[in-house]
Amino acid sequence: MLKQLLFKLPRRSSIKSESFEDPSNDPNNGGIQRTTSLNSASPKPNAPKRTSSAVFPSSIIAGIEPLLPFKDAPTSEKMSLFISKLSLCCMVFDFTDPSKNTAEKDLKRLTLIELLDFIASGPPRFSEPAILSLCKMCSVNLFRVFPPNYRSVRGTSGGENEDDEPSFDPAWPHLQIVYDILLKFVTSSSVEAKVAKKYINHSFILRMLDLFESEDPRERECLKAIMHRIYGKFMVHRPFIRKSISNIFYRFVFETERHNGIAELLEIFGSVITGFALPLKEEHKIFLWRALIPLHKPKCLGVYFQQLSYCVTQFIEKDPKLASTVIRGLLKYWPITNSQKEVMFLGEIEEILETINMAEFQRVMVPLFWRIGCCVNSSHFQVAERALLLWNNDQIFNLIGQNRQVILPIIFPSLETNVQNHWNQSVLNLTLNVRNVFTEMDNMLFLACHAHFLEEQEKQISATEKRKEVWDQLENTASLRPISGNTTAVLDLKEQTKEYLTGSRSDTRKLQWES
């Protein structure tokens, strides 16, 4: 009997205290208990039923009925009604079964739309309890952990199957409205950043960044917009956001090579880089060298190459002296066996060379054009074509023309080898065009390089013939001295051959060997 009486007592104080907890205190779900059962969410099981009790438990915050429209509530009570509706929307339903809880899902969706319209209408100012309630509602609905097999779908393929159908979250009809509410809230002038930063804190931001693992591209687009707005509004969180995104890049490059949201995170950083003040801080240069340049290494580069190239270009536009640093980094991670990545690298090299100054170009032109020469000789016709098309760029053509004394001797052997041996007619025609360009540019230098090439070719032919003669003599000698009869003699013969090939013996001994 005593228990029944105690049960009927109102619990306003306990509910009020619960509603003002910081959602970031609990490590699980941001300090919020998720609910899937309607009965367990009711704070007063024996309370008198209201109009909405058949679908949702009634909220007793300020005695406001949560299903009351905002237009019917007095102005002084609208913020309390806003909190009540947010509490009502903290219920999470199972969307894998469309026939389950259909009435409750529809009512929650309508309530979310009503909340979105209220925030968009521009209320006077959001109180601290309202900010806390909204962060709590977003945490309950958005923050979730993706299963391990969900994360590894794109990682196992190495990003090669870019045309695979993305998987869509069945809860998107509700998630989309929650994301829209959060975006409107962050951009609203009614939100004071000094108050909101206590609830949109480091823990909240980390959970938001974790959601970029979602395979639903619609969700990643919403996250990108919201994270960009958070970065712009909460200046105190900017260093933390940059550091957290850098850690995601480090983990992706050096550990897992599995992440669905690298392209979106790079888009965020692309707009962030444009706002960097000059001169660039050492922190930003370290991020370029340790995070952006190593992002060229993974196999799935094609998924985010456009965004990555934009970020790198923004850095060079901010500080042109970084051009040589970037080119050295690209040469360090240059793909040797992946022709598609090689074509991407050549495209990025062309973009960098369009903005580079002469001093920075001269620092890297020797290793750069040695690598371009290797690309010109590539048996993959797309790689060879892309390398030869660099001469069609006027800026690059001028750089080469002013430094032809260094560049032509490096690139000439590759051009001549292509003219003699390349199988693709298009590559052959482009090679002849580049060859003619150098002839018109400096005919004397061209003739000198051609003579040097022929001389080196003769030396190689002579060395090849000598090496073949030595091996022929070795085979003949071995056939005359069976292993079973004289093992020591054969070993001595091998040692003499090794010394001859390495050039360590004197000319007299070589003559004795040849005789």
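Given R₀ = 45 Å, what would the calculated FRET efficiency be for S127 paired with Y250, taking r from the Cβ atoms and rounding to 0.05? It comes to 0.70. List, in the order given, every pair from K285/K341; K197/K224; K233/K281; K297/K318; K105/K299 whose Cα-Cα distance in the structure shown is over 30 Å. Check vs 30 Å cut-off fails for K105/K299.
Fully extended, how many nm does the chain gain between R481 and L447 (0.36 nm per residue separation, minus their Cα-Cα distance)? Can you show the working numbers first?
Details: separation 34, 0.36 × 34 = 12.24 nm, distance 5.14 nm.
Net length gain for the segment: 7.1 nm.
Applying 1/(1 + (r/R0)^6) with r as the Cβ-Cβ distance of E455 and W370 and R0 = 35 angstrom yields a FRET efficiency of 0.95.
Net length available on complete extension from K321 to M358 is 12.3 nm, with 0.36 nm assigned per residue and the Cα-Cα distance removed.
Give me the distance between the Cα centres of region 277-320 and region 325-375, rounded to whole Å. Answer, in whole Å: 15.
With each label modelled as a point 7 angstrom along the Cα→C-beta vector, the A463-W289 pair spans 3.6 nm.
Projecting the Cα atoms of M365, T355, I407 onto the charge dipole of region 355-475, computed from C-beta unit charges around the Cα centre, puts T355 farthest toward the positive end.
Would you mind getting me the FRET efficiency between V145 and V437? Use the beta-carbon distance for r and R0 = 60 Å, nearest 0.05. Walk me through the numbers before you get to the answer.
Values: r = 59 Å, r/R0 = 0.98.
Efficiency, rounded to the nearest 0.05: 0.55.
H174 exposes around 10 Å² of accessible area when a 1.4 Å probe is run over every protein chain in place. Here the peptides 284-293, 133-142, 472-481 are ranked by packing, the mean other Cβ count within 10 Å, and the order with the highest first is 133-142, 284-293, 472-481.
Extending each Cα 7 Å along its Cβ direction at F95 and Q306, get the distance between those two points in nm, one decimal. Inter-label distance under the simple model: 2.6 nm.
Between N392 and F168, full extension at 0.36 nm per residue minus the direct alpha carbon distance yields a gain of 76.2 nm.
Taking Cα centre as origin and charging only the Cβ of basic (Lys, Arg, +1) and acidic (Asp, Glu, -1) residues, the dipole magnitude of region 173-324 rounds to 500 debye. Counting Lys and Arg as +1 and Asp and Glu as -1 over every other residue whose Cβ lies under 10 Å from the Cβ of A263, the net charge comes to 0. Can you compute the charge dipole magnitude of region 323-383 about its Cα centre, using +1 on each Lys and Arg Cβ and -1 on each Asp and Glu Cβ, nothing else charged? Give it in debye, rounded to the nearest 20. I would put it at about 280 debye. Of the solvent-accessible surface of region 337-421, computed with a 1.4 Å probe and all protein chains present, 48% belongs to carbon and sulfur. Put a dot 7 Å past the Cα of F240, heading toward its Cβ, do the same for T274, and the two dots end up 2.7 nm apart.
If you put +1 on each Lys and Arg Cβ and -1 on each Asp and Glu Cβ, how big is the dipole of region 355-475 around its Cα centre, in Debye rounded to 20? Working shown, then result.
Working: 9 positive and 13 negative charges, 64 e Å.
The calculation lands at about 300 debye.
The values are calculated or read from the model by the stated rules, or taken from the named source; none is laboratory data. Small disclaimer: the values here were computed from a predicted structure and weren't measured. Cβ atoms come from the backbone with ideal geometry, glycine included; neighbour counts cover every protein chain shown. Side chains are part of the model used for accessible areas, which takes the heavy atoms of the whole protein and leaves out ligands, DNA and RNA. Shrake-Rupley method; radii C 1.70, N 1.55, O 1.52, S 1.80 Å.
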